[in-house]
């Protein structure tokens, strides 16, 4: 099978398309023929070893898991002898988690992994644009205890995480202010945003409004200024915080009434089932920026590196 192999840390050029051995499922695994995956900001960070601590976790000179990619959408080709949840021919989507390996034509995943059957109203490409942003957005919105009628500001609202965060926050009944560039105003409004701020023209921290929740999905909002825009018992959600900001956030939470939440997300199979149901009733939509062929996965990584994508960058294994 073809796979995108990360041979070392660095620019997109470190990724090589290679023929590798097609895996065989263990008794509790499915063999997935992957139709679509995504190149996420997380994939890009691991490829670059940015921050440096990634080397201590994933391998010092090169990633121990040489085939990157977490998001999967595909069809089950075979199942292990003890698999009961899925059958051959099922279309599924979800996350391979820390096993990685999604940037290949086939992958083995434990049946009790973060998977659900795909809604039949979406394509593989659309399905691959859901898991990364949705699992992260749901994790933080739940941790932040987002409730009906709260004022929620989402910074980086047009990204993979932000586009889903808008929709989930609206599902929770919140009043959503989306911060993004002018060209994405119509998009975020179509996803449910009540108010939109162009970060290039207006600083939300100077508009005098106090928000119950500020969700920085991309790690680019000014922390100190954002704190001043929180209500007295407000919550700041930091999805892309580095170690330094995590420590600063923890200290801020300890010393004041405002709550700062960061850290690693938890992925659960039941969350994928929740997303499936929302998709089926048109309450959750995928936002696909560009679809690349597996042969062009370097271009996909370069696009993510540019910082100008809208929604998800998809890799289609069949092109």
Item to complete: Between residue 145 and residue 201, take the C-beta separation as r, use R0 = 41 Å, and let me know the FRET efficiency to the nearest 0.05.
Response: 0.85
Response to the item:
Taking Cα atoms, the helix 297-306 axis meets the longest principal axis of the chain at an angle in degrees (rounded to 10) of 10
Worksheet item: Given the Cα-Cα distance of residue 88 and residue 280 and 0.36 nm per residue of separation, how much length would full extension add, in nm?
Response: 66.9 nm
Worksheet, complete the sentence: Computed over the stretch 133-261, the distribution of all Cα-Cα distances in 5 Å bins, rounded to whole %, is 2, 12, 24, 26, 21, 11, 3, 1
Discussion item. Restricting to Cα pairs below 8 Å that are 6+ residues apart, what does the relative contact order work out to for the stretch 1-147? Please round to a whole percent.
Written reply: 28
Fill in: Cα-only radius of gyration and Dmax that characterise the chain, units Å
19.5, 61
Fill in: Whole-angstrom gap from the stretch 130-163 to the stretch 262-319, using each part's C-alpha centre
15
Item to complete: Compute the semi-axes of the equivalent ellipsoid of the stretch 41-120, taking the square root of 5 times each eigenvalue of the Cα gyration tensor, and list them largest first in whole Å.
Response: 28, 12, 10
Worksheet item: So between residue 222 and residue 171, what do we pick up on full extension, going 0.36 nm a residue minus the alpha carbon distance?
Response: 15.6 nm
Response to the item:
Helix 269-280 sits off the longest principal axis of the Cα atoms of the chain, rounded to the nearest 10 on a 0 to 90 degree scale, by 80
Worksheet item: Using alpha-carbon positions, what is the distance between the centroids of the stretch 76-94 and the stretch 166-231, in Å?
Response: 40
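Of the DSSP beta bridges with both residues in the chain, give the percent that are antiparallel, rounding to the nearest 5.
55
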Worksheet item: Using the 10 angstrom Cβ neighbour count as an exposure proxy, how do 149, 111 rank, fewest first?
Response: 149, 111
Worksheet entry | Cα centroid separation - the stretch 237-259 against the stretch 42-60, whole Å | 22
Worksheet item: Where does helix 243-255 land angle-wise versus the long Cα axis of the chain, in degrees 0 to 90, nearest 10?
Response: 40
Worksheet, complete the sentence: Ranked from fewest to most other Cβ atoms within 10 Å of their own Cβ, 245, 255 fall in the order 255, 245
Worksheet item: With springs only between Cα atoms under 10 Å, which of 188, 20, 152 fluctuates most in a Gaussian network model of the chain?
Response: 20
Fill in: Mean residue ellipticity (222 nm) of the chain, computed from DSSP H runs ≥ 4 via -39,500 (n - 2.57), nearest 500
-8000 deg cm²/dmol
Worksheet item: Quick one: 315, 88, 281, 213, fewest Cβ neighbours within 10 Å first, how do they rank?
Response: 281, 88, 213, 315
Response to the item:
Rounded to the nearest 0.05, FRET efficiency between residue 246 and residue 7 (Cβ-Cβ, R0 25 Å) equals 0.25
Worksheet item: Ordered by packing density, taken as the mean number of other Cβ atoms within 10 Å over each peptide's residues, highest first, how do 80-86, 304-310 rank?
Response: 304-310, 80-86
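Values in this text are rule-based calculations from the coordinates and carry no lab data. Not measured: the values here are computed from a predicted model. Please note: Cβ atoms are built from the backbone with ideal geometry, for glycine as well, and neighbour counts cover all protein chains shown.
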